[in-house]
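Reading through the structure tokens given below for one structure.
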Amino acid sequence: MLGDAPQGQEVGPDGVEDRPPHARRTIQALLHLAVPYLADWAMLAVRDGGSTTLFAHAADGTRTGPLRPGPPEEVAAWLNRIRGLPRAERLPDAGEHTGLAMAIPDESLRRQVAALLPADVLGASLGSSGGALVLVRAGGRRYAEPELGLAEEFARRAEFTLDAVRTHEQRAEVAAVLQASLRPPRLPEVPGVRVAARCRSAFEHLDIGGDFYDVHGAGDDWSLVIGDVCGKGVPAAVLTGRARQTIRTAAHFDRSPSAVLAALNDVLYEGDSDRFVTVVCARLRPDPDHGGAEVTLAVAGHPAPIVLRTDGRIEETELGGTLSGVLPDLSYEETTITLHPGDLMLFFTDGIYEARGPEGFFGLERLRELLPAYAGAEPERVCAAVERRVVEHLAGAAHDDMALLALRCGA
């Protein structure tokens, strides 16, 4: 399963766990602005909780970081002095064994800095964030008084920028955690059937999407569901969680898809929400002895799944039903499809066929044309192929959440 949780952290050259890539790029961009306009060498000490990470930029374009400072007892006083400055100030640093060089854990970088010394060293606090900015100007050039104010303003703007990055990171983390909680952590093993799923969050993944899927049951009686909640954000997440839980509870008493969707509609309609949910619900009864299965379907405003037979034929079901949560006392029509060994059934959300690239919407026709080449393939491979083809169609354009759920008869 592919998820778009916040981008993963990377490891720096010294084994230090790096900040998320977008945060690291922001820090490097700040230092690039400082060099060479304000300094021949610049360093940002970024504070995260009780730890400090260093990033540096040299005049030749060399970027270094993330690095941990040297031994705390040797560098703490030096960095803390900068953090406590009310305004930008010159710092005494006459040689390679004084504060600046000792704060740098990397030997090659220490030599790089030492080559600039003696130099004019400027320090500025990043305010409440606890960070520190160090600027080094070599060649006997000293900072004039107006440049101290410029460095102070640069540090202030860097503080605002880093605060915005932290807020972005926190929102992304919250969105990812909530999004992950709306889907099963691992698909169960269904006797005689292989099941796979993929989910790709929206291009702007800070807004929690409403696509969801679930598989639950036991023995020879299972429920599969895929759906989409109107809207995004926390309200959509709350409604998604309510929909999933309602479906699970209803299926515990009666796995009939029509009964499950009727129960879901009643709960959502009585919830006095202006949002709606589209769902396709399936009751799967596998027959491991013969390698086939019966799938009973009902839909609530959602496209029915596509069946891919082993000979490459595509079959679609003409099945309709009112979306859930907008009208009271709804009933839903059911239909039953027989799957033979090797047959595959593909469920999907509207983020697939409504994905819009330079050539317009991806559409159901492109999906129909793609699938025959994968007749008999594993469901994991089919889901991956569909996702890849849709992403290629988008050509970098923004997109909605995309979810795929596939089952294939025959373990």
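General remarks:
- Maximal additional length on extending the Asp289-Ala385 stretch stands at 31.6 nm, based on 0.36 nm per residue less the C-alpha distance.
- With 0.36 nm allotted per residue and the present C-alpha distance subtracted, the His32-Glu107 stretch has 24.8 nm of extension available.
- Nearest-0.05 FRET efficiency for Arg81 and Thr310, computed from C-beta distance (R0 60 Å): 0.25
- Three-way shape call for segment 292-380 based on the alpha-carbon gyration tensor, with the a/c threshold at 1.5: oblate
- Carbon/sulfur fraction of accessible area - segment 342-411, other protein chains in place, 1.4 Å, %: 49
- Distance between the 7 Å Cα→Cβ label points at Glu369 and Arg157: 5.0 nm.
- Rolling a 1.4 Å probe across the protein heavy atoms gives segment 311-411 an accessible surface of 46 Å² per residue.
- Listed values for segment 56-65 are Karplus-derived 3J(HN,Hα) couplings in whole Hz (6.51 cos²θ - 1.76 cosθ + 1.60, θ = phi - 60°), namely 9, 9, 9, 5, 7, x, 5, 10, 10, x, and x replaces Gly and Pro.
- Accessible solvent surface per residue of segment 113-155, calculated while the other protein chains remain in place, 1.4 angstrom probe, Å²: 37
- Projected label points at Arg63 and Arg25, each 7 Å from Cα along the beta carbon direction, are separated by 0.9 nanometres.
- Translational diffusion coefficient of segment 350-391 (Stokes-Einstein, Kirkwood radius from Cα pairs, 4 °C, 1.567 mPa s): 122 µm²/s.
- Solvent-accessible heavy-atom area per residue, rounded to whole Å², over segment 229-296 at 1.4 Å: 45
- Relative contact order (%) - segment 296-411, alpha-carbon pairs under 8 angstrom, separation at least six: 31
The values are calculated or read from the model by the stated rules, or taken from the named source; none is laboratory data. If you're wondering where the values come from, they're calculated on a predicted model, not measured in any experiment. Counting neighbours? That spans all protein chains shown, and the Cβs are built from the backbone with ideal geometry, glycine included. The protein model used for the area step is the full one, side chains on, heavy atoms only, and it has no ligands, DNA or RNA in it. Shrake-Rupley method; radii C 1.70, N 1.55, O 1.52, S 1.80 Å.
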